[in-house]
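K.L.:
Got a structure here, written out as structure tokens. Questions coming.
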Amino acid sequence: MTNKKTHTGTKLAVHDLKTSGRLVLVWLAISWERLWSRLWIPTTFSGLFIAITLTDVLPSLAFILHVFLVLATLGAIGYLTYRALREFKWPTRKEARNRLEKTSPVLHRPLTTIEDSLAGNASVLQKNIWKLHQRRAENDIYQLQATAPSPGIAKQDRFALRVAVILGLFVTIIGGWNDLSDRLWRGILPVYGASGASVSAKMWITPPVYTEQSPIYVEIPPTDDKLMPTSLNIHAGSKILAVITGTPRKASIAMDDHIMMMERLADESQRGEANLPKGEQLELRQGGGVIAGWDVNWIQDELPVVAFIEAPSEANRWRLKIDYRANDDYGIEKASALITRSSDKIESSEPVEVPLSTPPFAPKSVVHSAITDLASHPWAGMKVKIQLVVTDAIGQRGLSKKMTGQLPERVFKHPVSKELAKWRKPLVESPKSTTKPAANSIAAILKDPESFGGDPMVQLTLSAAKHRLQNESLENVTKTVPDLLWQTAVRIEDGSLAVAEQRLMDAEEALREAMERGASADEINALVDDLQDALADYTRAMAESSPESQSGFDTADSVAEQDITAMMEQVRELSDLGA
């Protein structure tokens, strides 16, 4: 039964699109099995060569060796491919049909039956029987199924070498992702003079400015018969600048697993600059090769240390004096005191941080007396816990042990000032039970304006304080009313002298802060002028507040004023000289 004539009733089945598609898939599967079973060895060998090329090791070899390896590899791949395909034949349609029928869940060969025909002169009975047989085959043709190719490479590659090559390719692709095309071209096309022997590099590691240390300079190869260091002592927070010449490969700076790619410049050199992250091994790399490497010994910036010299005490005019000593390996930048209430009665436990004066130019060792005015603070006269805080150039903080003490409190002489000041502590400690009696006390004072000299500012401020005590929340009362009472008490007690004194203290603090941070001569001169004006106002206010002793003031205190003025002129001169 080899006659190519087909029965007319079966032509549609033979040309059925689904059956033709299945035949095409089977033909492709057989083709793939025959190709892959022959080409897996040269393909695996090619993958191995690509993986080695992506490591960027080949350009580091001598030019002759590089050329030899590339040519030998290409020749081996070509020979293996030729040998594998020498007897290769594409599958025929008959082979595809037989595979389709063999792998499908049918008892007979329906596609062969439909495409076949009776040979010779068959009788009518034979033809009818053959037609019936073909009709039955038509029912099975749609059960034909194309299966996936099975080249059987596992039997040939018993050690799974192709899997190892795939893993190697994956690793090298990930490692050289930013430089894949360049690595491939460098590995496949050797360039004379591109080996690592001609590479030169210069590297500067600059410590932070506050360390006042010189940069570390390394040159590769070393000049003047100097030995290459094997380790580097690097300050934390240092910056690196490296310039590499003589390599066509992409260069980088590496600190352990942290890679910093370098930028290619117009003269074919490469430059990289970055902040150095923490790590144990610093390397300059070209591609996958290492130009030079160093062990890193980090010089850490230690935490500053601070301690009280003696317990905080009261200085003149109700100011707090704190004697402390502090040390830091690179210098103390600023100091402050954290003050918290030591009583459990207070509703808010938030600490108050008060800046403390420090010697100028951030000395490494400090023994200093800081004086700060906290008489106006609501906690004045209360027991507190004080903890010193010092900060270095990079913001590291050192803390002292806490010390218990009492904040200085101003003692008023004027009866109205005394009455107003006495309510400040209770309003802070127990505002709920204090607001009503405090409001009544203020109301009684307001009924007698002559008791505070009829000062309209005092009357307006006391009225505002009374309104807040009677109408606002306890939280707002605690935050605002004690300060209002303080300002009013000071105004009643000192009159214009209080304003002049505050201006003098502000001018003094501004000049001190400017001198500590090394301000310009023009700024220092302007602040000296402000301080002189404030001192003159303060002197006049003192004279006006004590007219009965004005004659004594004119003789003795004027001498002191002249001395202070002379000292400020000296400050001005030193500033002009840059001292």
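The values are calculated or read from the model by the stated rules, or taken from the named source; none is laboratory data. Nothing here was measured: the structure is a model prediction, and the numbers come from that model. Don't worry about glycine lacking a Cβ; one is built from the backbone with ideal geometry, like all the others, and counts go over all protein chains shown.
K.L.:
With respect to ALA521, is the statement that it is surrounded by 16 or more Cβ atoms within 10 Å (Cβ to Cβ) and either in the same structural domain as ALA541 (by TED's automatic domain parsing) or under 15 Å from ALA375 (Cβ atoms) (or both) true?
P.N.:
no
Okay, residues lined up against (1) under 30 Å from TRP379 (Cα atoms); (2) out of contact with any His (no Cβ under 6 Å at 6 or more places or on another chain); (3) assigned by TED's automatic domain parsing to the domain that holds ASP56; (4) surrounded by 15 or more Cβ atoms within 10 Å (Cβ to Cβ):
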site: ASP256; (1), (2), (3), (4): no, yes, no, no
site: MET260; (1), (2), (3), (4): no, yes, no, yes
site: GLU268; (1), (2), (3), (4): no, yes, no, no
site: LEU276; (1), (2), (3), (4): no, yes, no, yes
site: PRO312; (1), (2), (3), (4): yes, yes, no, yes
site: ALA315; (1), (2), (3), (4): yes, yes, no, yes
site: ALA326; (1), (2), (3), (4): yes, yes, no, yes
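K.L.:
In this structure, does THR372 turn out to be under 19 Å from TRP486 (Cβ atoms) and touching a residue at least 24 places away in the same chain (Cβ under 8 Å)?
P.N.:
Here the answer is yes, as THR372 does meet what is asked.
K.L.:
Taking helices (runs of 4 or more DSSP H) that fall entirely within the stretch 401-449, which contain at least 3 residues that are within 15 Å of THR461 (Cβ to Cβ) and not assigned by TED's automatic domain parsing to the domain that holds GLU310?
P.N.:
So the answer is 415-421, 431-446.
K.L.:
Quick one: which residue in LYS432, LYS425, LYS385 is within 21 Å of ALA326 (Cβ to Cβ) and not polar (S, T, N, Q)?
P.N.:
Selected residue: LYS385, the only one of LYS432, LYS425, LYS385 that is within 21 Å of ALA326 (Cβ to Cβ) and not polar (S, T, N, Q).
K.L.:
Follow-up question, since we're still on this one. Looking at GLY331 and the list (1) of a type in the set (Gly, Ala, Ser); (2) touching a helix residue (DSSP H, G or I) at 6+ places or on another chain (Cβ under 8 Å); (3) within 21 Å of THR230 (Cα to Cα), which single condition is not satisfied?
P.N.:
(3)
K.L.:
Also: Here is a check on your reading of the model: is PRO208 assigned by TED's automatic domain parsing to the domain that holds GLU263, at pLDDT below 90 and either in contact with a Lys or Arg (Cβ under 8 Å, 6 or more places away or on another chain) or under 30 Å from GLY331 (Cβ atoms) (or both)?
P.N.:
no
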